[in-house]
1. When the residues of the range 128-148 are narrowed to those that are in contact (Cβ under 8 Å) with a residue 24 or more places away in the chain and of a type in the set (Gly, Ala, Ser), which ends up farthest from residue 114 (Cα to Cα)?
2. If a residue has to be free of Cβ contacts under 8 Å to residues at least 40 places away in the same chain and more than 12 Å from the chain's Cα centre (by Cα) to count, how many in the range 30-45 make the cut?
3. With a cut-off of at least 1 residues that are touching a helix residue (DSSP H, G or I) at 6+ places or on another chain (Cβ under 9 Å) and either surrounded by 11 or more Cβ atoms within 10 Å (Cβ to Cβ) or modelled with pLDDT under 95 (or both), name the strands (runs of 3 or more DSSP E) lying wholly within the range 1-110.
4. Please count how many residues of the range 111-160 are open to solvent by 50 Å² or more (accessible area, probe 1.4 Å) and aromatic (Phe, Trp, Tyr).
5. Among the candidates 111, 86, single out the residue that is in contact with a His (Cβ under 7 Å, 6 or more places away or on another chain) and either closer than 18 Å to residue 27 by Cα or of a type in the set (A, V, I, L, M, F, W, C) (or both).
Amino acid sequence: MTTVTPDIFRRAMSHFATGVAVVTARGADGDRGATISALSSVSLDPLTLLVCLHNKSATCSAIEETGRFGLSILNSTQQDLAFHFAGKAEGKSFEEKCEWHEDGLFFVRDALVQIGLEVVETLRGGTHEIFLARPVSVTMHTEESTLPLLYFKGAFDLAA
């Protein structure tokens, strides 16, 4: 048995394959977006989704300001967008990569699924904010042959 350290824990959790998504929000400082893999459906009654973001990120601040955000689940051809939104706030462009819906939320263009969300509750989990949110809109761009983008062992991978 191995003693659990942050590095060991990170390496162990990297063996849990997960989908890749981008969270987007508009705050006082403008449009923000972040690549995430920490999300989960929590409940169907009431409809609830869980999303985790680093509490120092500009995207987290934008969500805290407005209480609303977009979630785009990426497809296997959108690895470049996952990298684009994974970096720091400076230098991220949105105009060519996103589309805006009539409710003011915006999403990654051509994502598998786009979910508009309203925050119901915010919890603190160490360095991260845990947003429990209610879906208010869903748009699906799925075709039978479309695969999700996956994250496994510290790298993006195509779904098998």
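1. Among residues in the range 128-148 that are in contact (Cβ under 8 Å) with a residue 24 or more places away in the chain and of a type in the set (Gly, Ala, Ser), the one farthest from residue 114 (Cα to Cα) is 133.
2. The number of residues fulfilling the criteria is 5.
3. In the range 1-110, 21-27, 30-36, 47-54, 68-73, 106-108 are the strands (runs of 3 or more DSSP E) which contain 1 or more residues that are touching a helix residue (DSSP H, G or I) at 6+ places or on another chain (Cβ under 9 Å) and either surrounded by 11 or more Cβ atoms within 10 Å (Cβ to Cβ) or modelled with pLDDT under 95 (or both).
4. Qualifying residue count, the range 111-160: 2.
5. The match here is 111.
Residues checked against (1) over 25 Å from residue 13 (Cα atoms); (2) aliphatic (A, V, I, L, M):
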| residue | (1), (2) |
| --- | --- |
| 82 | no, yes |
| 89 | yes, yes |
| 97 | yes, no |
| 105 | yes, yes |
| 157 | no, no |
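The values are calculated or read from the model by the stated rules, or taken from the named source; none is laboratory data. Predicted model, so just to flag it, every value in this text is computed and none were measured. Because the Cβ atoms are built from the backbone with ideal geometry, glycine has one as well, and the counts that use them run over all protein chains shown. Areas reflect the complete protein model, heavy atoms only, side chains present, ligands, DNA and RNA absent. Shrake-Rupley method; radii C 1.70, N 1.55, O 1.52, S 1.80 Å.
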